[in-house]
Amino acid sequence: MKVFSLICACCGAAVEVEESANLYKCSYCGAQQVVEHSGDVISLKKIETLLDDVKVGANRAASGLALQRLLNDIAIIEKSRDQELAQLKAADDQNNSAVGWFFIIGVTASIIMFGWWSIPVIGAGVALTWKWIPSVAQKIRSTESKAIAKIAPLKEQIARHQVIVDAYDMGAKSSD
Ligand SMILES: [Zn+2]
């Protein structure tokens, strides 16, 4: 049976602990402690410390999962926003080419029919068709701002969970 010389986590006394032990009771101060096996390194830890680590570790795991879920939710929102924008832009292109043809045909027909009087007729035509174009631009803006409004609270949650994950990972690194 291999025996390790360790330091009691409570009183600091040099103690001898069997390799296979999971719990150790200090022969000097009597404190029950956990024998932590981390690879080849064996150390004694206060039970309270370990419980805290477990709690923080559970929080880290929960936050890690929350981060994955939130990032996934954002990706879904962005995907549906992009699909909506693509549809709106395709509709806008169709509108614009319809307006273009309408304009060319309208101008030609007006000049043929009204001569110089075609100028106010074309003006009225442009004023009427103008209403089509901003409606699409407005829909695009509203789609974008709706997505931003949905994503903003998720980003706040991500920031909070990221703090927990970073704090734990930093702690884990510094205790190595
Ligand atoms: Zn002790």
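Can you spot a residue in segment 1-10 that is surrounded by fewer than 15 Cβ atoms within 10 Å (Cβ to Cβ), out of contact with any strand residue (DSSP E or B) (no Cβ under 8 Å at 6 or more places or on another chain) and not aliphatic (A, V, I, L, M)? Reasoning before the result, please.
So the first thing to find is which residues in segment 1-10 are surrounded by fewer than 15 Cβ atoms within 10 Å (Cβ to Cβ), and the list is 1-3, 5, 7.
If we keep only those that are out of contact with any strand residue (DSSP E or B) (no Cβ under 8 Å at 6 or more places or on another chain) too, we end up with none.
No, there is no match, as no residue in segment 1-10 is surrounded by fewer than 15 Cβ atoms within 10 Å (Cβ to Cβ), out of contact with any strand residue (DSSP E or B) (no Cβ under 8 Å at 6 or more places or on another chain) and not aliphatic (A, V, I, L, M).
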Looking at segment 1-39 only, could you name the residues that are charged (D, E, K, R), away from the ligand (no atom under 15 Å from the Cβ) and over 17 Å from Asp53 (Cβ atoms)? Lys2, Glu18, Glu19
Which of the residues belonging to segment 29-56 are at pLDDT 80 or above and exposed (fewer than 13 other Cβ atoms within 10 Å of the Cβ)? Gly30, Gln32, Val41
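If we scan segment 107-114, do we find a residue that is farther than 30 Å from Val163 by Cβ and under 41 Å from the mean Cα position of the chain (by Cα)? It would help to see each step written out before you state the result.
Let us first name the residues in segment 107-114 that are farther than 30 Å from Val163 by Cβ, namely 107-114.
When the remaining residues are screened for being under 41 Å from the mean Cα position of the chain (by Cα), the result is none.
No, because not a single residue in segment 107-114 is farther than 30 Å from Val163 by Cβ and under 41 Å from the mean Cα position of the chain (by Cα).
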Out of Ile112, Ile140, Ile122, Ile74, which single residue is free of Cβ contacts under 8 Å to residues at least 12 places away in the same chain and either among the β-branched types (Val, Ile, Thr) or part of a helix (DSSP H, G or I) (or both)? Ile112
Looking only at segment 64-82, how many residues end up being polar (S, T, N, Q) and over 15 Å from Ser142 (Cβ atoms)? 2
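The values are calculated or read from the model by the stated rules, or taken from the named source; none is laboratory data. Owing to the predicted nature of the structure, the values given are computational and were not obtained by experimental measurement. Note that we place each Cβ from the backbone using ideal geometry, even for glycine, and neighbour counts take in every protein chain shown.
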